[in-house]
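Worksheet: the structure to be examined is printed underneath.
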């Protein structure tokens, strides 16, 4: 079996896949560090879990799963930098790279690494694989990836990367037939839009880190660089980082990061739709039009009013099919891990 681990800033989602990649169990932990709850296949029990390592132990116990009996474990890692253009078996070099990129995805890379280290300690002989959200966008052209900065900064890694790649890869695999020019919208607490042509990412709304692009649950999205410099100059770098990642977006505009709790017609929901349409328009132009729009993620799948607002704003692009596709990041990660581990086709060995 393969255990897939998808670590969020205060949550942990896990799925167990058989060797034939059938999904056989699901578990998650919510509110890690607070009034935690472990949820397994719909059943819920309270727990007190201080961090992601202890949360992972609780999940394995709830699943009655001995980690040393696994064929492998697989992790969603948000930021893989320029080098990680596909899944990787985790060794010291890959681990160090995930760690080094933690400042660029501070809500995700460090907690993914905590789970990797916890499993390495519990079952040192079980191979681990990392799947990167940035990898789907790695083939974009320089004009889409590069900021207008001197060469030394581009060489140092200051460039656009793009995220939610595992979600987009799953979406591409789920659509049959696949539209040639697809506008894909992953809308959740983190949100982005991707222009996908012939199954490949050609441009996306997120850039150097997941804080850029659309209005999000707690991330600011689009903001002028000089505004960031002013904020950092007044409150300090660490406080500015927290403001832009944790205390902005819907939370700043509407008092909560939960779209379901925001009033219809309020500023937060209107801001979300406005910036989705505004950025989507540029992505449509990148492809010279679109043949379909697809929505995925918690908001994209469940909030019809948000979908309708975005589709209405893109009416200029023509009357095209609109798809709602359930997100399946865990399934994509399991397939990639199986390929790396030689269990089944689905990923290239590295």
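Kindly identify the stretch 141-223 as rounded, prolate or oblate by the Cα gyration tensor criterion: order the square roots of the eigenvalues as a ≥ b ≥ c, call it rounded if a/c is under 1.5, otherwise compare a/b with b/c, prolate if a/b is larger, else oblate. Taking the square roots of the gyration eigenvalues as a ≥ b ≥ c, the stretch 141-223 is oblate.
Test of understanding: express the Cα radius of gyration of the stretch 1-151 as a ratio to 2.2 N^0.38 Å, with N the residue count.
Numbers: Rg = 16.4 Å, N = 151, 2.2 N^0.38 = 14.8 Å.
Cα-based Rg divided by the globular estimate yields 1.11.
Just subtract the alpha-carbon distance of residue 142 and residue 66 from 0.36 nm times their residue separation and send over the number in nm, one decimal. If you can, show how the numbers build up before the last one.
Numbers: separation 76, 0.36 × 76 = 27.36 nm, distance 4.56 nm.
Contour length minus the Cα-Cα distance gives 22.8 nm.
Cβ crowding within 10 Å ranks 261, 10, 192, 167 as 261, 10, 167, 192, fewest other Cβ atoms first.
Averaging the inverse of every distinct alpha carbon separation and then flipping it gives the Kirkwood radius. What is it for the stretch 45-95, in angstrom units?
Values: mean 1/r = 0.0737 Å⁻¹.
Computed over the stretch 45-95, the radius equals 13.6 Å.
Helix 52-63 sits at what angle to the longest principal axis of the chain, using alpha carbons and giving 0 to 90 degrees rounded to 10? Computed tilt is about 60 degrees. By the Kirkwood approach, averaging reciprocal distances over each pair of separate Cα atoms, the chain gets a hydrodynamic radius of 20.7 Å. Which of 176, 328, 51 moves the most in a Gaussian network model of the chain with Cα springs under 10 Å? In the Gaussian network model the winner is 176. Quick one: among 39, 299, 116, which has the greatest mean-square fluctuation in a GNM of the chain with alpha-carbon springs under 10 angstrom? Most flexible of the set in this elastic network: 39.
Taking every C-alpha pair closer than 8 Å and separated by at least 6 residues, the mean separation divided by the residue count of the chain gives a relative contact order of 16 percent.
With a ≥ b ≥ c the root eigenvalues of the C-alpha gyration tensor of the stretch 1-73, is it rounded (a/c under 1.5), prolate (a/b larger than b/c) or oblate? Prolate. Among 58, 118, 92, the largest mean-square fluctuation in a Gaussian network model of the chain (Cα springs under 10 Å) belongs to 92.
Along its first, second and third principal axes, ordered by size, the stretch 211-350 spans 53, 40, 32 Å in Cα coordinates.
For Cα pairs less than 8 Å apart in space and 6+ apart in sequence, what is the mean separation divided by the residue count of the stretch 213-252, i.e. the relative contact order in percent? Could you put the intermediate results ahead of the total?
On the way: 40 pairs, mean separation 23.8, N = 40.
About 60 percent, as a whole number.
Relative to the longest principal axis of the Cα atoms of the chain, helix 165-174 runs at roughly 90 degrees. Relative to the longest principal axis of the Cα atoms of the chain, the long axis of helix 267-287 makes an angle of roughly 90 degrees. Starting from the Cα gyration tensor of the stretch 116-175, take the square roots of the eigenvalues, sort them a ≥ b ≥ c, and report rounded, prolate or oblate (rounded when a/c is under 1.5, otherwise prolate if a/b is larger than b/c, else oblate). Oblate is the answer for the stretch 116-175, as a/c is 1.5 or above yet b/c matches or exceeds a/b.
Each value in this text was obtained by applying a stated rule to the coordinates, not by laboratory testing. Please read all numbers here as calculations on a predicted model, not as lab measurements. Note: ideal-geometry Cβ built from the backbone for every residue, glycine included; neighbour counts use all protein chains shown.
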